[in-house]
1. Using each residue's phi in the stretch 115-121, evaluate 6.51 cos²θ - 1.76 cosθ + 1.60 at θ = phi - 60° and report the 3J(HN,Hα) Karplus result to the nearest Hz, with x for Gly and Pro.
2. In whole Hz and in residue order, list the ³J(HN,Hα) couplings for the stretch 132-147 that follow from phi through the Karplus curve 6.51 cos²θ - 1.76 cosθ + 1.60, θ = phi - 60°; x for Gly and Pro.
3. In the stretch 79-157, what is the volume of the convex hull around the alpha carbon atoms, normalised per residue and reported in Å³?
4. State the extension gain, in nm to one decimal, for the chain segment bounded by V75 and A30, taking 0.36 nm per residue of separation less the distance between their alpha-carbons.
5. With just the Cα atoms of the stretch 1-146, tell me how far they stretch along each of the three principal axes, in Å, largest first.
6. Of the heavy-atom accessible surface of the stretch 35-157 (probe 1.4 angstrom), what whole percent is carbon and sulfur?
7. Between V135 and R47, what's the calculated FRET efficiency when r is the beta-carbon distance and R0 is 30 Å? Round to 0.05.
8. Would you work out which of P95, G128, F117 lies farthest towards the positive end of the dipole of the stretch 11-157, given +1 charges on the beta-carbon of Lys and Arg and -1 on that of Asp and Glu, about the Cα centre?
Amino acid sequence: MPAPETFTSILTTDDRGRVVVPVPFDPNRAWGDKPRHHITGTVAGHRVRGPLDAVEDGYRLTLGAAWLRDYPIVVGSEVAVTLAPEGPQRAELPPDVAEALEADPAAAAFFDALATFYRKGYLRWIDGTKRRPDVRAARIAEMIDLLKAGKKERPRG
């Protein structure tokens, strides 16, 4: 699991008035190059999760209205922040799944950008076939095709 990043940040607002936490590091360097980084961690000691937004001068975490309602904080204040990637990361995947993603960069990029819920859904579907290697291989191949087509979930049925 990639190491968490701990830092302090001064809360600001974006052009829409939302409260944001500027992120002073490049998550692509810290945790691997991805189109979207889903994180978990704490802001001012309170649990937070969500995606990091890429902006012109780096990255930021936008705090939602419900989060702010439950944890009132003041814009302009300095807060302690700890962030880590959320969910299964590529280095933690079973070798056969990791190899299939490595062989198809487009599918891998889409997989890496998915929220944890969707990544885990694909992995549970594949892991449900551990006793049937032929079915497992077919599901991995189907997952790659679905990811290349931009499908967040496998078809039900």
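1. Residue by residue, the stretch 115-121 yields 5, 3, 3, 6, 4, 5, x Hz.
2. Running phi through 6.51 cos²θ - 1.76 cosθ + 1.60 with θ = phi - 60° gives 10, x, 5, 5, 4, 4, 5, 5, 5, 4, 5, 4, 4, 4, 5, 5 Hz.
3. Considering the Cα atoms of the stretch 79-157, their hull volume per residue is 109 Å³.
4. Working: separation 45, 0.36 × 45 = 16.20 nm, distance 2.68 nm.
Full extension from V75 to A30 adds 13.5 nm.
5. Its Cα atoms span 57, 29, 27 Å along the three principal axes.
6. On the stretch 35-157, the fraction of accessible area on carbon and sulfur atoms equals 54 percent.
7. That pair, V135 with R47, gives E of 0.20.
8. G128
The values are calculated or read from the model by the stated rules, or taken from the named source; none is laboratory data. All values derive from a computational prediction rather than experimental measurement. Virtual Cβ from ideal backbone geometry, glycine too; neighbours counted across all protein chains shown. For the accessible areas, the whole protein counts, side chains as well, though only heavy atoms, and no ligand, DNA or RNA atoms are used. Shrake-Rupley method; radii C 1.70, N 1.55, O 1.52, S 1.80 Å.
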